[in-house]
Amino acid sequence: MDFIKVHKDEPFMAVLAHYAVHTPTQGKKHITKRYEEKLAARPSPDVLYEKESAGENSLVANNPGYAAMVESVDKGAGRLLNLLVRLEIANNTIVVPTSDHGGLSSCGGKREVVTTNRPLRAGKGHLYEGGVWVPLMVRWPGKTKGGQSLDTPVVLTDLFPSFLEMARLPMRPDAHKDGLSFAGLLQGEIDDSPVTDRLMFWHNPAPRPSSTADFFSLVVRLGDLKLIDLPTENRVELHDLSADVGESRNLAETRPDDTANLLKLFNEWRRSVGASDQPRARKKETKAKQ
């Protein structure tokens, strides 16, 4: 906020990366108490978890401390937006809240689980939609209409070229090779947008089955078709997200041509970027000496 006050009369870009919401759960006590009371007043479902990959996945959001942390982050966002209004720059400032992965809903051991991503499948660490589908909101006064929702998938590497176009600055293709601008998409140019119906790839080379319960996995998506390759499990899954956003029905055997085509496309991409087809172990974290 101090940075914005200093630079309010010139172009600026500010990045605020909250540590919250994240474990360990550290909600403010008085807010946590209010959510504990709300939780106690509602009936508890009979089933709280389902089996997922190397562990289990939460089906309910029932962590009062986590809810308290979310509320605190919301209030912080409100302070920022109110500052823009007070400085009279709200109508000339683009605001984009987003995140790096889905909520922590899956665990393979004793790790704390704090939320659910249902109806999406799984969560942090996984390449199912619960792990890769993140919040992305864009407030662009005078250019976008409030309240509209777009279904075209984009990725966070698209932010750089999008910001350049939104600020009417030259593109820098050597610096954003993995991103495409979705500025036109925000203004209704859906048919002409370069992000429409492109190939998208994910690669999880360092799984944490004992923590977030995920397996080594590789994904390619084209339109609404999403193929997940799980080499260590000797399994390939094909999902049609337009009809099954929860990725509950594996269509790999009933749609062999689509499966073969997407596998071919993925393997071509993997070889072109040098992505490993074998999992690697994560380095163990060590505490620094005091």
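The values are calculated or read from the model by the stated rules, or taken from the named source; none is laboratory data. Small disclaimer: the values here were computed from a predicted structure and weren't measured. When we count neighbours, we look across all protein chains shown, and the Cβ atoms used for this are built from the backbone with ideal geometry, even at glycine. Just so you know, the surface numbers come from the protein's heavy atoms only, side chains and all, with ligands and any DNA or RNA stripped out. Shrake-Rupley method; radii C 1.70, N 1.55, O 1.52, S 1.80 Å.
Here are the numbers for this structure:
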quantity	calculated
Only listed residue being open to solvent by 70 Å² or more (accessible area, probe 1.4 Å), touching a Phe, Trp or Tyr at 6+ places or on another chain (Cβ under 9 Å) and either outside any strand (DSSP E or B) or at pLDDT below 90 (or both), chosen from P153, P194, P173, P119	P194
Flag if L185 is open to solvent by less than 20 Å² (accessible area, probe 1.4 Å), part of a helix (DSSP H, G or I) and in contact with a Pro (Cβ under 8 Å, 6 or more places away or on another chain)	no
Qualifying residues in segment 93-114 (those that are among the polar types (S, T, N, Q), part of a loop (DSSP other than H, G, I, E, B) and farther than 12 Å from L136 by Cβ) - the one most open to solvent (accessible area, probe 1.4 Å)	T93
Of all residues making up segment 216-262, the number that are more than 17 Å from R121 (Cβ to Cβ), among the polar types (S, T, N, Q) and in contact with a strand residue (DSSP E or B) (Cβ under 7 Å, 6 or more places away or on another chain)	1
Any hit, segment 191-206, residues being of a type in the set (D, E) and under 21 Å from N267 (Cβ atoms)	yes
Residue pairs meeting the criteria (Cβ under 6 Å; at least 6 apart or on separate chains; first open to solvent by 70 Å² or more (accessible area, probe 1.4 Å), in segment 254-271; second part of a helix (DSSP H, G or I))	none
Enumeration of residues in segment 32-70 that are touching a helix residue (DSSP H, G or I) at 6+ places or on another chain (Cβ under 6 Å) and small (G, A, S)	G65, A67, A68
Residue list for segment 49-58, restricted to those being open to solvent by 60 Å² or more (accessible area, probe 1.4 Å) and touching a Leu at 6+ places or on another chain (Cβ under 8 Å)	Y49
Enumeration of residues in segment 156-170 that are in a helix (DSSP H, G or I) and either among the charged types (D, E, K, R) or over 13 Å from Q187 (Cα atoms) (or both)	L156, T157, D158, L159, F160, P161, F163, L164, E165
Residue tally, condition farther than 30 Å from T157 by Cβ and free of Cβ contacts under 8 Å to residues at least 60 places away in the same chain, over segment 50-74	11
The lone exception for G78 - which of (1) at pLDDT below 95; (2) open to solvent by less than 60 Å² (accessible area, probe 1.4 Å) it fails	(1)
Inter-residue pairs, beta-carbon under 8 Å, first part of a helix (DSSP H, G or I) and in segment 10-39, second open to solvent by less than 60 Å² (accessible area, probe 1.4 Å) and among the charged types (D, E, K, R), 6+ apart	I31/E71
Residue match in segment 182-197 (condition: touching a strand residue (DSSP E or B) at 6+ places or on another chain (Cβ under 8 Å), in contact (Cβ under 8 Å) with a residue 12 or more places away in the chain and closer than 30 Å to R111 by Cβ)	no
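Quick grid of which residues meet (1) at pLDDT below 95; (2) of a type in the set (S, T, N, Q); (3) open to solvent by less than 40 Å² (accessible area, probe 1.4 Å):
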site	(1), (2), (3)
I4	no, no, yes
H7	no, no, no
H18	yes, no, no
P24	yes, no, no
H30	no, no, no
R34	no, no, no
V47	yes, no, no
N62	yes, yes, no
E71	no, no, yes
